[in-house]
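What follows is a set of notes on a single structure, which appears directly below.
The values are calculated or read from the model by the stated rules, or taken from the named source; none is laboratory data. Bear in mind the structure is a predicted one, so any value in this text is a computation, not a measurement. Positions of Cβ are generated from backbone atoms using ideal geometry, with glycine treated the same way; all protein chains shown enter the neighbour counts. Note: areas computed on protein heavy atoms with side chains; ligands, DNA, RNA excluded. Shrake-Rupley method; radii C 1.70, N 1.55, O 1.52, S 1.80 Å.
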Amino acid sequence: MKSNNMNKYMKKLVIFTLSIFLFVGVVNVKAGYTYDSKGEPIYSTEGFTVNELPYTYSGLNIGALKNADLDKFIEVTTAKSDAKALEISDLSTQVSEKNAAILANKYGLVDDYDTKIRNTDHDEMIAYLKAQIAAAEKESPKDEAKIEELNKNLASTEEAKAALKEADIKKNKEAAAKLKDEKALVVAEIDALSAAKQEQLKAELKTLREAKAVLDSELAALKAEKKVLDDRNTVLETRKVNISKASPSDLYIFNIEDEDDENILIPQEMYLTDSGMNLVSVLNTDFQVVKELHKFRLDEDKLKVPNFSAIKTQDDSGKKGVLIETNASSQKFYNENGYYELDLFAPTAAYRSITKTLDVTTGTLEYIDLLYICDKGNNQVVILKLNDPEYYDANTGLYVVYQVLTKPTDELDSTKEFAPQKIVTDDKRRMYVIADNITQGIMQFSEEGKFQRYTGKNDITLSAWEIFWRNLASESQLDSQSSNYNTSFNSMVYSDAMIYTTSLAITNADGTINDKIMIKRINPSGGDTLARNGYKVPMGDVKYSNTTDRDDSEKGPSQLVGITVNGYQVYSVVDKSRGRIFTYDKEGNLLYISGGNDGTQADKLNGPVSIQYFGEDILVLDQLNKTIVKFEPTEIATLINEAVKLDNVGRRSTIEPTFSPKTGTWWIDKVDTGIKNKEATYEYKNVDGKDIWFIDNQNTNVEVQKGSTYYWEKVVALNANYEYGYVGIGHRYLEEENFEEAMRYFELGKNRVYYSKAYKQYRDGIIRQWFTPVLVTVVVLIAGSYAYKTIKNKKLGIKKEEETGVGDE
Amino acid sequence: MENVQNTKKSFFKVVLDGLKKLGKFIVDDCIKLPTYILAHPLKGFEEFKRYKKGKMSVALVFVVLTILVNILSFQYNGFLVNDNNLKDLNSIEQIAYVAGAIIVVTIANWSVTTLFDGKGNMKEIFMMICYCLYPFIWANGLGILLSNILTEDEMAVYTLVIGLGVVLLCYMFFFGIISIHEYGLVQCLLTILFTIVAALIVIFACLLFFDLFQRMYGFVYTIYREITLRELLVNIL
């Protein structure tokens, strides 16, 4: 009875727990969303998802290399060279075995022949005679005559045998000599035949052996290096890093353009700047720290711009070494090794760029590879020259400082501090710096570090009333009320001569918030050229609450703190307040929204500070969690990206096979397939992962060049509420002059401009079609009625005349 | 047989007469008079009031037409000017929107003009306001047509037509008040100003009432829920 009760309770308990799990699970599933054409949030899949655990500081071993001596940029390629060596030894054994086989076959026969001697006949005779003698002696021992005779015979036979043997030997020797001559001939013949080949093989063997030797030495070197790396790894594993001070501030990915397709950027190296640990970690694309930069050698003679006295070298840890000089702005120390050292102090960002420059004297193009580090604590930007042995001290493994951008004293007076936050450069190595508390815009410096101007400004708007009062106020009054600051930028990225920036929303003088120009695209002349042709202006969250509900972070417009642009001008921004990533195309259409900070999972963005495209993926640096979160595009985002890419180059529809009456064959995009059946049908099939055109069920080996519409249709199939997809399809119909369909899709996509364009063409078509018949009908009707009237009038007139005539009479 | 024919004939005649009357009603009362008022507002409203040419039936027809045209433009306005989701179309709401506005303005104007020595009574004010809808109905009707045949560049024409409708409405209302209440210009302007204020007060009062009602309802509902949930909890435990 009791156990029954227990069972009941257990059942209830299990059901209760299960239902709680179910409830929690249901509540936790939060769907992605996007904004529709009216700016209303609607359900949508996320553009990027996190598929792997974020890279944490401890996982990446940030800081472990800081004081290690084992720093070298190396890639381990041992497996590759091992394979090559094996190949060579194989070849050499093959060659020798082959030669041995040939010789054995040819000479084996001759050596056998040499040893054959024929003497069987005589042996038989001797044996017979010996038997006769023995018989005779036995029969009649006294018949000596007979024995003697027999003995004589025997002796003569033996003599004959000896003579014969001698002759035979002689003969055999002759034969052997002859055969030897023959052998020599055969050998010569064989040699002659294979000499060329052997020579060739020998030469090959020789070169291969040389190559092998080289590779072996390389292999040995690599093995040595690998050992060094392994040692370093063991060191890294054992070294414990205190990351309590860590405060990641910036992540920069150095990309190079693909040789074939400039729309593709290939990531090369990552630069993770940490302002708390005073270091810049260089990571390879496999997320391995290859080098950590925190101190540099300072050599007065090697500075490109001689501003040695203005350079600061402090970091926040107390200084070691001998104080050499002190002046107003800086202190310099010799360290125990006897040279100046520059330590990073609260660095905020790193930036690397390779620029071309023409050497006038030699006429050759020189590539300058520079790494810029915003050394905010020292109020300067440290510039290093990479890939130049002159600026690298191999003994200590330290870079020698190439140039330092110090405070522009002609622009900023002593009350203002120069605290660089972010830096980018253009093709002419002009530097653009976002600095703290500089509200006039982005500071532009020349290559030599001379301040040029402010570019791209975030204006506040004054109300008419304020402008009126400001005009009346005296200067001292204005000074006292200068509380309206412009908003400064907080991130930027350089792409195709344009600087993309983000800033916080601007609070105007009258308290209104301008959230429409948080993202800017600044052209070389300083103007904002961001296309805002989407349904809503690119601004992060379109709908937001202005009141505090539960959490302060939920309040107000998005706080965009990072921006990144990929090879085809699609840009993503990250919102600090709600941890979301918004992706826009170059026209300003919102493509998708990803991320979020709800919940405490490791993949949520709680304090994003930097966002970078990593190929097609996105990396976000989270300051709070001290992680790098890798976002990968979802299925729909991949399709959207593909479509946008094709829209950019203007290929909207798929190129289909056409029959050319001129050649009498089928053509696909300038390729003659040679298929002659005019009535043939065509389709594409997937062959080895590629879509190939089949005409008349024959493989043409021509890959299908799909247009953007193909992808937009797939996007719309996945998400029927994706309005911008319909616009993409509409474009294709507009190009094909199918205006009715185009209108339909533009209406679905809520694009009024293009709807109007399509409709105008459609209307013109109808007018063109009906204009002549309507005009002709109208003219005929008018002419007819006129004619009818005149005829009627004439008849009436005649009648009247008659009547009047009668009346007259 | 003859009788049947007679009745048939008379039925036909009745229908015909009815149609004739309807035609006359439409042409004379619903089109000619309002157009005349629009063209000659002072004289028109004189006839409207003194000679009792204005009819309540016409006024109600205009109200119905306004509601109809509002609903039609909600649904059938061209895509270029129409951002509405058909799911949001609520005809009751549309009716309430038009009728409520007219009632509020009528009450506001009556209450103001009673204090300001206006000569018009409430029925006249109501009819006058309804007659003022005449240009608005035309403009919106035309707007539906235009918005469907114009491109975005030409939408200025549409805006002009709709704007003209509103302007003419105000124009008629202005002269209507002068004529109905036998006011001078300054008095008329003052009256309009106070009418607006009065209308706002009426709306405010309504909102206040609804808000209070809602709060009361919410309070009662909360108590109801509290009690039921408690019972539920007791049951579970």
Q) How crowded by other chains is B:147-155, given as the mean number of beta carbons from other chains within 10 Å of each beta carbon? A) 4
Q) Taking the Cα atoms only, what angle lies between the long axis of helix B:2-24 and the longest principal axis of chain B, rounded to 10 degrees? A) 80 degrees
**Q.** Listed peptides A:207-220, A:612-625, B:54-67 by packing density, highest first (mean Cβ within 10 Å)
**A.** A:612-625, B:54-67, A:207-220
Q) For chains B and A, what's the summed buried accessible area, probe 1.4 Å, to the nearest 100 square angstrom? A) 1100 Å²
Q: Name the long-range amide H neighbours of A:Thr627: under 5 Å, sequence gap of 5 or more, or other chain; modelled H, no Pro or chain starts.
A: A:Asp622
Q. Which entries in B:Lys49/B:Lys123; A:Lys304/A:Lys422; A:Lys385/A:Lys457 show an alpha-carbon gap greater than 20 Å?
A. A:Lys304/A:Lys422; A:Lys385/A:Lys457
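Relative to the compact-globule scaling 2.2 N^0.38 Å, provide the ratio for the alpha-carbon radius of gyration of chain B. Show your work: numbers first, answer last.
Values: Rg = 24.5 Å, N = 237, 2.2 N^0.38 = 17.6 Å.
Scaled against compact globular proteins, the figure is 1.40.
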**Q.** Whole-number percent relative contact order across the range A:687-773, with pairs defined as alpha carbons under 8 Å at least 6 apart
**A.** 17 percent
Q | Sparsely packed trypsin sites (Lys or Arg not before Pro) within the range B:77-134, loop by DSSP, other Cβ within 10 Å at most 14 | A | B:Lys119
Q.
Please list, in order along the range A:270-279, the HN-Hα scalar couplings obtained from phi with the Karplus expression 6.51 cos²θ - 1.76 cosθ + 1.60 (θ = phi - 60°), rounded to whole Hz, x for Gly and Pro.
A. 10, 10, 9, 9, 10, 7, x, 8, 6, 8
**Q.** Ordering of A:432-438, A:738-744, B:27-33 by packing [mean C-beta count within 10 Å, highest first]
**A.** A:432-438, A:738-744, B:27-33
Q.
Compute accessible area for the range A:756-777 by itself and then with all protein chains, 1.4 Å probe, and report residues whose area falls by 20 Å² or more.
A. A:Ser756, A:Tyr759, A:Lys760, A:Arg763
Q) Got a number for carbon plus sulfur as a percent of chain B's accessible area, 1.4 Å probe? A) 72 percent
Q) If you place +1 on the Cβ of every Lys and Arg, -1 on the Cβ of every Asp and Glu, and leave all else neutral, what size is the dipole of chain B about its Cα centre, to the nearest 20 Debye? A) 1060 debye
Q) Could you state the number of Å between the C-alpha centres of the range A:624-654 and the range A:129-206? A) 93 Å
Q. Using helices alone, what [θ] at 222 nm do you get for chain B, with -39,500 (n - 2.57) per DSSP H run of 4 or more residues, divided over all residues and rounded to the nearest 500?
A. -28500 deg cm²/dmol
Q) Over the Cα atoms of the range A:541-664, what is the Rg over Rh ratio if Rh follows Kirkwood? A) 1.17
Q. Sequence-distant or interchain residues sharing an amide H contact under 5 Å with A:Ser491, placed H: which?
A. A:Thr502
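Loop-only check: which trypsin sites (Lys or Arg not before Pro) in the range A:580-681 are DSSP coil with at most 13 other Cβ within 10 angstrom?
Passing sites in the range A:580-681 are A:Lys662, A:Lys670, A:Lys676, A:Lys678.
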Q.
Starting from the 7 Å offset along Cα-to-Cβ, what nm value, one decimal, do you get for the label separation of B:Thr228 and A:Asp216?
A. 9.1 nm
Q | Long-range amide H partners of A:Glu269 with built H, under 5 Å | A | A:Phe254
Q. Any idea what the alpha-carbon Rg over 2.2 N^0.38 Å comes to for the range A:209-303?
A. 1.50
Q | Mean accessible surface per residue for chain B, computed with a 1.4 Å probe while every protein chain stays in place, in Å² | A | 65 Å²
